[in-house]
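Below is one structure, written out as structure tokens, with a few remarks after it.
The values are calculated or read from the model by the stated rules, or taken from the named source; none is laboratory data. Since the model is a prediction, treat every value here as computed from it, not as a measurement. All Cβ positions, even for glycine, are placed from backbone atoms using ideal geometry, and neighbour counts span all protein chains on display.
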Amino acid sequence: MSEVEIFSAEVCPFAQRTRMVLIEKGVEFTLREVDLAAKPDWFIEVSPYSKVPVIRHRGRTVYESAIINEYLDEVYPTPPMMPSEPGARASARIWIDFMNIKLLPCFYRLLMTQEPDKQAAEAATLKAHFRLMEAAMAGEGAGPYWFGGQLGLVDLALYPWFERLPALEHYRGAMLPEDCARLGSWFTAMEQTESARATTNGAEYHIAAYVKYADNSTDSISAREFRASA
Ligand SMILES: N[C@@H](CCC(=O)N[C@@H](CS)C(=O)NCC(=O)O)C(=O)O
């Protein structure tokens, strides 16, 4: 068996984050696919929060994708995926935290809320989040990734939800604002990475996976309204 065992679900963007780190670092891993709709009894022994991803490595269990990814970066330091300078490293953690506590909750609220007024409010908030990230990226070094030329944990923390944006557009009309060109180029570069190519599922897959949350989508705001809002 490989040194790293990852408990994952193909549909899960958080688990995708971690699979991408393992692939980019060239770490061999044993993939344990968990059926989240029918979790096996042993899963609660493995996953204290009953969620994926979880990794087992050298007898230790690590969970929470952002924490796992930093752990992997420390135990497999090549290539490094966090900046070496403490200020830039703090900035990386701030943006990963921003994604976890601001961007992703907004993404899911927009997907799940059925009321058009609330959808419009969440769509406007999502746009504002994108613009904040666009401005932050523009301040970083030259190159397509968050910190310029070197692919890192901030990029891998964000990519899975950009891959799923077509589903948000399909159900809620939400898309990347046209003035976020830097993020647009970032996504184009990200799609070419080995880990994205190995883990990506197409738009149709995500649209089908999210139907259970989006349901009632006939009431949703249109793409035109989304572009005009905020
Ligand atoms: N904060 C966690 C979120 C992980 C998460 O929500 N995973 C979902 C699948 S995408 C899960 O395992 N859900 C199962 C459940 O909540 O019962 C992380 O970053 O790893």
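Tell me whether the range 8-22 contains one or more residues that are among the hydrophobic types (A, V, I, L, M, F, W, C), buried (at least 17 other Cβ atoms within 10 Å of the Cβ), more than 23 Å from Ala209 (Cβ to Cβ) and over 14 Å from the mean Cα position of the chain (by Cα).
Checked the range 8-22: no residue is among the hydrophobic types (A, V, I, L, M, F, W, C), buried (at least 17 other Cβ atoms within 10 Å of the Cβ), more than 23 Å from Ala209 (Cβ to Cβ) and over 14 Å from the mean Cα position of the chain (by Cα).
Keeping to the range 15-31, report how many residues are away from the ligand (no atom under 12 Å from the Cβ) and closer than 13 Å to Tyr71 by Cβ.
4
Please go through (1) without any contact (Cβ under 8 Å) to a residue 40 or more places away in the chain; (2) under 17 Å from Leu153 (Cα atoms); (3) of a type in the set (S, T, N, Q) for Ser50 and return the number of the only condition it doesn't satisfy.
The failed condition is (2).
Can you list the strands (runs of 3 or more DSSP E) found entirely within the range 29-109 that contain at least 1 residues being loosely packed, with under 15 Cβ neighbours inside 10 Å?
29-33, 60-63
Can you tell me which residue is farthest from Gly148 (Cα to Cα) among those in the range 103-113 that are within 14 Å of the ligand (Cβ to nearest atom) and touching a helix residue (DSSP H, G or I) at 6+ places or on another chain (Cβ under 7 Å)?
Met112
Counting only residues that are modelled with pLDDT of 95 or more and not basic (Lys, Arg), give me the helices (runs of 4 or more DSSP H) lying completely in the range 156-230 with at least 3 of them.
Hits in the range 156-230: 165-172, 181-191, 194-199, 203-214.
Pairs under 6 Å by beta carbon, first residue farther than 8 Å from Ser195 by Cα in the range 12-29, partner among the β-branched types (Val, Ile, Thr) and more than 9 Å from the ligand (Cβ to nearest atom), six or more apart or different chains?
Correct list of pairs: Gln16/Thr199; Val27/Val4; Phe29/Val4; Phe29/Ile6.
Restricted to the range 113-134, and to residues that are more than 21 Å from Val154 (Cβ to Cβ), buried (at least 18 other Cβ atoms within 10 Å of the Cβ) and not charged (D, E, K, R), which residue is farthest from the chain's Cα centre (by Cα)?
Top of the filtered list is Ala120.
Given (1) more than 12 Å from the ligand (Cβ to nearest atom); (2) touching a helix residue (DSSP H, G or I) at 6+ places or on another chain (Cβ under 7 Å), where does Ala66 come up short, assuming only one miss?
(1)
Considering only the range 80-100, I want to know if a residue exists there that is away from the ligand (no atom under 15 Å from the Cβ) and in contact with a Ser or Thr (Cβ under 8 Å, 6 or more places away or on another chain).
Checking the range 80-100: at least one residue is away from the ligand (no atom under 15 Å from the Cβ) and in contact with a Ser or Thr (Cβ under 8 Å, 6 or more places away or on another chain).
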